[in-house]
Amino acid sequence: MRLLLIGPPGAGKGTQALRLAAQLSIQHISAGDLFREHIDQGTELGRNARTHMRAGLLVPDEVTIGVIEERLARPDTTRGFLLDGFPRNLVQAEALDGILADSESRLDAVLDLEISEAEVVRRIAGRRLCRRDREHIFHVGHSPPEVSGVCDVCGGVLYQRDDDREATVRQRLEVHRSLTAPVVDRYRAQGLVTTISALGHVQEVLDRALVAIGQGQADASGASSC
Ligand code: AMP
């Protein structure tokens with residue numbers, strides 16, 4: 001299965017993408033995570049990406065498309081993949097069409113996570129990640145760690161992402177509105193999009209996503225095909 005997960009920052013894309021990909025036994029591919037790996041490794045690409053990420057802007061298309069193309073070419077994606085946060089503009093969507101056409105494959109579905117901007121700002125302001133494993137995510141308000149600043153799972157130090165500060169979040173929301181929303185419209189015109197409410201517990205949102213792609217129980221409310 002080949003899926004896209006699209007949504008504004010703070011909608012829970014990363015959290016849902018990890019769970020969905022595990023449940024479906026497909027690869028989770030996040031452009032943001034690939035950039036953060038480069039940043040951790042101190043590569044030139046990472047330094048370039050970081051400048052844009054810190055400003056809440058998209059990393060240039062040629063860099064982003066190259067990173068994703070290289071990742072999709074690896075053999076572990078033949079069973080399928082879930083792209084999290086790519087494509088984020090129409091140029092990237094067209095590039096993805098080309099990559100898929102080259103491998104004679106196509107997308108099965110696009111999941112669009114929906115959330116208000118006020119809720120995004122509230123969620124992101126309190127988000128804290130573990131330095132040892134970014135998959136360990138906390139929120140100072142609704143899922144705080146037992147010991148402030150320390151990861152419950154592995155004892156790592158918790159930190160706030162550079163781009164999770166409020167001014168940057170507002171910039172990222174503007175990017176989503178102006179550049180990424182047209183991507184959703186494009187896939188909607190192809191009949192591929194299901195919009196899912198990102199509100200509620202992680203498991204509730206996951207259930208909606210699974211229903212949307214025909215892999216779950218039909219009683220999960222909050223999904224609308226369009
Ligand atoms: P995310 O981890 O998806 O929230 O992305 C964090 C940041 O990485 C974004 O705000 C962008 O600066 C950059 N980024 C992630 N995905 C893309 C993309 N598809 N195109 C350009 N920049 C991206």
Toward the positive end of the charge dipole of segment 55-168, about the Cα centre and with charges on Cβ (Lys, Arg +1; Asp, Glu -1), which of G141, L90, T64 goes farthest? G141
For segment 1-128, give the percent of accessible area contributed by carbon and sulfur heavy atoms, probe 1.4 Å, rounded to a whole number. 48 percent
So how strong a dipole does segment 1-155 carry about its Cα centre when Lys and Arg Cβ are +1 and Asp and Glu Cβ are -1, to the nearest 20 debye? 580 debye
Between H28 and residues 5 or more places away or on another chain, the pairs with built amide H atoms under 5 Å apart involve L82
From the residues V120, V169, V193, which one has its Cα farthest along the dipole of segment 115-201 in the positive direction, the dipole being from +1 and -1 charges on Cβ of Lys/Arg and Asp/Glu about the Cα centre? V193
Enter the Cα centre distance for the pair segment 89-159 and segment 47-83, rounded to the nearest angstrom. 15 Å
Using per-residue counts of other Cβ atoms within 10 Å, averaged over each peptide, order 192-198, 7-13 from highest down. 7-13, 192-198
By the C-alpha gyration tensor axes a ≥ b ≥ c (rounded if a/c is under 1.5, else prolate when a/b exceeds b/c, else oblate), the shape of segment 20-107 is prolate
Could you list which residues have their amide H under 5 Å from that of G85, counting only those 5 or more apart in sequence or on another chain, with H placed in the peptide plane? L5
Whole-Hz couplings from phi, Karplus 6.51/-1.76/1.60, listed for segment 128-135; x for Gly and Pro: 10, 10, 7, 5, 7, 8, 5, 7
I'd like the antiparallel share, as a percent to the nearest 5, of DSSP beta bridges with both residues in the chain. 35 percent
What order do you get for 200-210, 174-184 when each peptide is scored by the mean count of other beta carbon atoms within 10 Å, highest first? 200-210, 174-184
Accessible area per residue in Å² at 1.4 Å probe, computed on segment 1-143: 47 Å²
For V67, V147, give me the order by solvent-accessible area with a 1.4 Å probe, most accessible first, ignoring ligands, DNA and RNA. V147, V67
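The values are calculated or read from the model by the stated rules, or taken from the named source; none is laboratory data. Nothing here was measured: the structure is a model prediction, and the numbers come from that model. Counting neighbours? That spans all protein chains shown, and the Cβs are built from the backbone with ideal geometry, glycine included. For the accessible areas, the whole protein counts, side chains as well, though only heavy atoms, and no ligand, DNA or RNA atoms are used. Shrake-Rupley method; radii C 1.70, N 1.55, O 1.52, S 1.80 Å.
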